[in-house]
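Following: one structure in structure tokens, then a few remarks.
The values are calculated or read from the model by the stated rules, or taken from the named source; none is laboratory data. This one's a predicted model, so the numbers in the text were calculated from it and none came from an experiment. Glycine also receives a Cβ, built like all others from the backbone with ideal geometry; neighbour counts cover every protein chain displayed. When the accessible area is computed, the model is the full protein with side chains, heavy atoms only, and any ligands, DNA or RNA have been set aside. Shrake-Rupley method; radii C 1.70, N 1.55, O 1.52, S 1.80 Å.
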Amino acid sequence: MTSVVVMAGGKGTRIRPLTFSRPKPLVPVANRPILDYIIHRVLDSGYSKVVMTLGYLKDQIRSHVLAEYPEIDFRFSVEKKPLGTAGGVKAAASEINETFIVLSGDVIFDLDLREMVKFHRKKKALVTVALTPVEDPSHYGIAVLDDDGKIKRFHEKPRPEEVFSKIANAGIYVMEPEVLEHIPKGSSDFSADIFPVLIERDAGMYGFLFDGYWNDAGKPNTFLRANHDVLNGTVTPEPDGEIAEEVPGRFGKIWIGRDVVIGDRVRIVGPAVLGDGSRVDDGAYIGKNTVIGSRVNVGENSFIRGSVILDGCVIGRGSQLLNCVVDEDCEIGAGCAIDRCAIIGRGAFIGPSTVIRSHCSVSNRLRILSGSLVDSDYPLVPE
């Protein structure tokens, strides 16, 4: 037997305001929560016992998984205060009595977990860390292996002058229960606190190299990339909906949900998805890598490309949205322009003819006056 521990207690500060009203694992990617991609991978690997470490907005996660995955034996460990990755797993020790896998609740991947467990057992390892090549290792832990795959050196989030490897910790681990004895009570982190000690003690820490898909979707740019990757078939499962036939004005792979209304002179270039009950008015353009949620109304002659528009939004006529994110129930006035990696929080009202510059965020339920230029973050204050 092998248990799977999913760490799902973080606040998701890097992707606010999307996480003010929902936990990070439930932020939708291509109209499906990030967590669902992780659970699908667990099921595909043949595992059915999942221990979830919870904290921030815990009831939302618990309700979602119990409703959606009755075939899984879920156990829950709730942190009263943040304990870090290792501390959170230590707190769930009563649910762990065999080899276990540790996954992050916001990392989408296509690693075959069974192969990693097989490697772990062959090496008789205490800990096996999934490692993947990255271009910029400064945001991750990096490792050096010996010829047998044992980790000889590890450094968390190195400064540029400290980089000695571009093989990064993917946040996916296979562990034996004995590792819990090396974790002190209270807050601690695997990469910063536990792994360096295990390496120093030569306790049996190995690296499992893979070059498949891996995306820490907890930042605006990586979140957008995750949506694009699902649409392009790099990640499964694919979006819900029927594949539209190619007709004049509609090209590429387009998933269309139930009760979708598409007006005259609408041009849609896939890959793209239109959620249930959405409406695209006359003359609008939906470009590549666009996710439209349920009950979204896209106004006349508007232009949307590479963006994620979540449920219940209204996009005013003649607006232009490029590689941005609009959370649920927002109203974007006519003639607005929203640029790359901008995020509009849930329930916000953006007055007509407003320009929102790249990488700017507008918090939940704020009202932006007509004709405004937003070139810095509007107050991001938790609800």
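Structure summary
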| quantity | calculated |
| --- | --- |
| Listed residues Pro17, Pro133, Pro271, most fluctuating in the chain (Gaussian network, C-alpha, under 10 Å) | Pro133 |
| [x] 88, 46, 38; [y] 66, 51, 42; [z] 66, 42, 39, with the label sought being that of the calculated Cα extents along the principal axes in Å | [z] |
| Cα gyration tensor shape for the stretch 302-379, rounded if a/c is under 1.5, else prolate or oblate | rounded |
| Cα-centred dipole magnitude for the chain, charges only on beta-carbon of K, R (+1) and D, E (-1), debye, nearest 20 | 560 debye |
| Thr234 paired with Asn97, simple spin-label distance in nm, labels 7 Å along Cα-to-beta-carbon | 4.2 nm |
| Per-residue SASA entry for Glu328, accessible area with 1.4 Å probe, Å² rounded to 10 | 40 Å² |
| Aspartates and glutamates whose Cα lies under 12 Å from that of Lys90, excluding same-chain neighbours fewer than 8 positions away | Glu79, Glu178, Glu181, Asp189 |
| C-alpha center-to-center spacing [the stretch 56-131, the stretch 198-219] in angstrom | 15 Å |
| Share of carbon and sulfur in the accessible heavy-atom surface of the chain [1.4 Å probe, %] | 46 percent |
| Calculated [θ] (222 nm, deg cm²/dmol) that DSSP helices of n ≥ 4 give over the chain, each run adding -39,500 (n - 2.57) | -4500 deg cm²/dmol |
| Average accessible area per residue (Å²) across the stretch 260-383 - probe 1.4 Å, nucleic acids and ligands excluded | 40 Å² |
| Centroid-to-centroid separation of the stretch 257-276 and the stretch 349-374 [C-alpha atoms, Å] | 26 Å |
| Solvent-accessible surface ranking, highest first, for Glu115, Glu181 at 1.4 angstrom | Glu181, Glu115 |
| Gaussian network model of the chain, Cα within-10 Å springs - most flexible of Arg114, Arg340, Arg201 | Arg201 |
| Gaussian network model of the chain, Cα within-10 Å springs - most flexible of Tyr173, Tyr69, Tyr37 | Tyr69 |
